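What follows is a single structure, written as structure tokens, with notes after it.
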Amino acid sequence: MSNIKELAALLDDAARNAKGVDQIDPKGEIPLPDAYAIQSASIQRRLERGEKRVGVKMGFTSRSKMVQMGLNDVIWGRLTSGMQVEEGAKTSFAKYVHPRAEPEIAFVLKKPLAGDVTAVEALAAVEAIAPAIEIIDSRYREFKFSLPDVIADNASSSGFVIGPWCNPQQDFSNLGLTLSIDGRVVQVGSTAAILNHPLRSLVAAARLSAAAGEPLQAGWVVMAGGATAAEWIKPGQYVSIEMERLGSAGFHVG
Ligand code: OOG
Ligand code: MG
């Protein structure tokens, strides 16, 4: 195996140039701590280019995502400022290898949150919740990967869009949601698909981030994970989420 820095550079360059690469570990042999070290080193390159760390994304927190991608361990990735797409704005298709969109719910924190916390403690750290869309874009050709592959590739994290921030003091355990492309519904689901309650995803994020030495910070965003399978997106489309009670969010693909 080439070293961690080289693999991080390979994946970071693939993301920057929007050019797919071969899987680095098709058989899934790289130990997961090494895969996370590659992810960390690739994010370090973004930070050195001036991007800011803004949060965490969780992956494979719903069955539909696990089934779609054929993997069943919860994973996490790091969000940076360069990944945010403003609500209603246009993101250029040329920036991606083969993007997909998935409906999620996002948290923003008002307090740090670290280690083994209860759902009640996690909720007490939440400033607001919002309907959100994640744009995932595996840097591997054909969107095919092993578990270490996808972890090293920052859990396919590529973009995120956040809708209106809403009061977290309401029951958001089972909110109906749809993902639409050009106004046509393409996925239907519920926030309950996310570990039966999206707060569980935040609890996992607090534990995993702290274990990695990067505890969740006040002001950080946590993307809880796709509630449905992801959909391919194409230039010219408008992609939107509509969530019961919380409202909607969308973006244009340029
Ligand atoms: C990996 C990322 C999974 C989610 O929300 O479950 C993910 C992928 O499917 O490419 O973002
Ligand atoms: Mg996701």
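Kindly provide the helix-only [θ] at 222 nm of the chain, computed as the sum of -39,500 (n - 2.57) over DSSP H runs of four or more divided by all residues, to the nearest 500 deg cm²/dmol?
Working: 6 runs with 64 residues, N = 254.
Using -39500 (n - 2.57) per qualifying helix, the result is -7500 deg cm²/dmol.
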Within straight cross-link reach of K234, meaning Cα distance under 20 Å, which aspartates and glutamates are found once same-chain residues fewer than 8 apart are removed?
E86, E87, E102, E104, E134, D137, E142, D182, E242
Please list, or write none, the lysines whose alpha carbon is within less than 22 Å of the alpha carbon of K111, excluding same-chain residues fewer than 8 places away.
K52, K57
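By counting other Cβ atoms within 10 Å of each Cβ, how are Y238, Y140 ranked from fewest to most? Please list the in-between numbers first.
Values: Y238 15, Y140 23.
The order, fewest Cβ neighbours first, is Y238, Y140.
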Karplus (6.51, -1.76, 1.60) ³J(HN,Hα), θ = phi - 60°, over segment 34-46, in Hz, Gly and Pro reported as x
5, 4, 5, 5, 5, 4, 4, 5, 6, 5, 4, 5, 5
Please build a GNM for the chain, connecting alpha carbons under 10 Å apart, and tell me which residue among L147, L175, L11 fluctuates the most.
L175
Pairs of Cα atoms under 8 Å, at least six residues apart: use those to get the relative contact order of segment 37-191, whole percent.
23
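Most exposed first by the Cβ proxy, i.e. fewest other Cβ within 10 Å, how do R139, R63, R78 rank?
Values: R139 31, R63 13, R78 24.
Listing R139, R63, R78 from fewest to most nearby Cβ atoms yields R63, R78, R139.
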Sorted peptide list for 48-57, 165-174, 149-158, 97-106, criterion being average Cβ within 10 angstrom, highest first:
149-158, 97-106, 48-57, 165-174
Least to most buried among D12, D34, D182 (fewest other Cβ within 10 Å first)
D182, D34, D12
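In debye, nearest 20, what is the charge dipole magnitude of segment 2-96 about its Cα centre with +1 on Lys and Arg Cβ and -1 on Asp and Glu Cβ, if you could check?
Details: 15 positive and 12 negative charges, 69 e Å.
That gives a dipole near 340 debye.
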Just want the answer: with Cβ charges of +1 for Lys and Arg and -1 for Asp and Glu, which residue in G77, P235, A41 is farthest toward the dipole's positive end in the chain?
P235
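No value in this document is a laboratory result; all are computed from the given coordinates. On a predicted model such as this, the values are computed, not experimentally measured, just so you know. With ideal geometry, Cβ positions are generated from the backbone for all residues, glycine too; neighbour counts draw on all protein chains shown.
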